[in-house]
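No value in this document is a laboratory result; all are computed from the given coordinates. What you are looking at is a predicted structure, and each value in this text was computed from that prediction instead of being measured. So basically every Cβ, Gly included, is an ideal-geometry build from the backbone, and we count neighbours across all protein chains shown.
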Amino acid sequence: MFTKAIVRKPAETFINGITTSNLGKPDINLALRQHDNYCEALIKCGLDITILDADPNFPDSCFVEDTAVVTKNFGIITRPGDPRRLGEEVEIKKVLEPMLKLYAIEEPGTLDGGDIMQADNKFYIGLSERTNPEGAKQLSNILSEHNYDPISVKVKDILHFKTGINYIGENNLLVQKRFYDLPELANYNKTIIAPEEEYAANSLRINDYVLVPKGFPKTLASIQKLSYKTIELDLSEYQKMDGGLSCLSLRF
Ligand code: GLY
């Protein structure tokens, strides 16, 4: 069970963030309303949320998940892999310090939290353009000390590992086709995401609910068929900036 979450509001500079989506510029007012709805959903899932003020110096800083990897007992402050996001982690460290024992990814390691997928006792670490082998090695060492099982996988042609895959509990994975045949994932019950709904691979289990981005009916139906209660959230403005449901919070 998760009990807490940290989120950060998008800043006016959000429109200048990093994106490859070609979906146009986000509307900051709509993004703020969508963020409010996201926070309400986290509260409905039973979480106490800490809402950090927007930081205009970092246009991507609402995507807090990339700045830390957290468990109930400890956290790892990351070193974001795109230089434009380096520094976002400083504020997150201050917020987490009173709550959790903390470690940090050190130079030359880089790591984005969006590349890290926990599935019960396993942590899958996506080696992407953001997360390098040194970052993965440092994270693996910390996780192993705490008796978790770290497994590195290669990620290509996609921003983060969790852009294309998510664990929703009870051995169930939502996967884009690109990850379907990964041998490391052979033992899971896999729901393949329809090609036209790839964004919905980033659906997010929180306690009794699975949060699903709005507008992806096939994925929604597949998740409901697995007997999960769902909450749909419109994330159009975050999709424009290559962000999804998991990126918008740290949950522990
Ligand atoms: N816009 C999110 C990222 O590139 O990290």
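To two decimal places, what compactness ratio does the range 98-140 give when its Cα radius of gyration is scaled by 2.2 N^0.38 Å?
Values: Rg = 10.8 Å, N = 43, 2.2 N^0.38 = 9.2 Å.
My calculation over the Cα atoms of the range 98-140 gives 1.18.
Need one number for the range 1-53: average projected area of the convex hull over its C-alpha atoms, nm². Don't skip to the end; give the middle numbers.
Numbers: hull surface 17.7 nm².
About 4.4 nm², averaged over all directions.
Within the set K72/K214; K156/K218; K44/K218; K72/K101; K25/K94; K72/K93, which residue pairs have Cα atoms separated by over 21 Å? Numbers along the way, then the final one.
On the way: K72/K214 29 Å; K156/K218 25 Å; K44/K218 24 Å; K72/K101 10 Å; K25/K94 31 Å; K72/K93 15 Å.
Checking Cα-Cα distances, K72/K214; K156/K218; K44/K218; K25/K94 exceed 21 Å.
What are the residues whose amide H is under 5 Å from the amide H of F123, where those residues sit 5 or more places off or on another chain and H is modelled from the backbone?
For F123, whose amide H was placed from the backbone, the distant partners under 5 Å are D149, I151.
Modelled label-to-label distance, T3 and E184, 7 Å Cα→beta-carbon offset: nm?
Between T3 and E184, the simple spin-label model gives 3.1 nm.
What whole number of Å gives the distance from the Cα centroid of the range 93-114 to the Cα centroid of the range 162-195?
27
I need the calculated FRET efficiency for the pair K225 and K177, taking r as the beta carbon distance and R₀ as 22 Å, to the nearest 0.05.
On the way: r = 19 Å, r/R0 = 0.87.
That pair, K225 with K177, gives E of 0.70.
For the range 138-199, what are Rg and Dmax over the alpha carbons, in angstrom?
Using the Cα atoms of the range 138-199, the pair Rg, Dmax is 12.9, 41 Å.
Along the range 69-75, what does the Karplus equation 6.51 cos²θ - 1.76 cosθ + 1.60 (θ = phi - 60°) give for ³J(HN,Hα), rounded to whole Hz, x for Gly and Pro?
Per residue, the Karplus-derived 3J(HN,Hα) values read 10, 10, 10, 4, 10, 7, x Hz.
Please identify every one of the trypsin sites (Lys or Arg not before Pro) in the range 33-89 that sits in a loop by DSSP and has no more than 11 other beta carbons within 10 Å of its own beta carbon. Walk me through the numbers before you get to the answer.
Working: sites: R33, K44, K72, R84, R85; in loops: K72.
Here the sparse-neighbourhood loop sites are K72.
HN-Hα J couplings of the range 222-234 from phi, Karplus 6.51/-1.76/1.60, θ = phi - 60°, integer Hz, Gly and Pro as x?
5, 5, 5, 5, 7, 6, 8, 7, 10, 10, 8, 9, 6
Output the Kirkwood hydrodynamic radius of the range 52-124, Cα pairs only, in Å rounded to one decimal. Intermediate values should be presented prior to the final figure.
Numbers: mean 1/r = 0.0794 Å⁻¹.
Value: 12.6 Å, from the Cα pair sum.
Any idea what the alpha-carbon Rg over 2.2 N^0.38 Å comes to for the chain?
On the way: Rg = 16.6 Å, N = 252, 2.2 N^0.38 = 18.0 Å.
Cα Rg divided by the expected 2.2 N^0.38 Å: 0.92.
Suppose a student asked you for the relative contact order of the range 121-188, using Cα pairs under 8 Å spaced at least 6 residues apart; what percent would you report?
Working: 71 pairs, mean separation 20.7, N = 68.
Across the range 121-188, relative contact order equals 30 percent.
Per residue of the range 94-111, what does 6.51 cos²θ - 1.76 cosθ + 1.60 with θ = phi - 60° give for ³J(HN,Hα)? Whole Hz please, x for Gly and Pro, Karplus curve as stated.
Taking θ as phi minus 60°, the curve returns 4, 6, 7, 3, x, 9, 9, 5, 10, 10, 8, 7, 9, 4, x, x, 10, 6 Hz for the range 94-111.
Based on DSSP H runs of at least 4 residues, each adding -39500 (n - 2.57), what is the mean residue ellipticity at 222 nm of the chain after dividing by all its residues, to the nearest 500 deg cm²/dmol? If you can, show how the numbers build up before the last one.
Working: 6 runs with 56 residues, N = 252.
So the helix-based figure for the chain works out to -6500 deg cm²/dmol.
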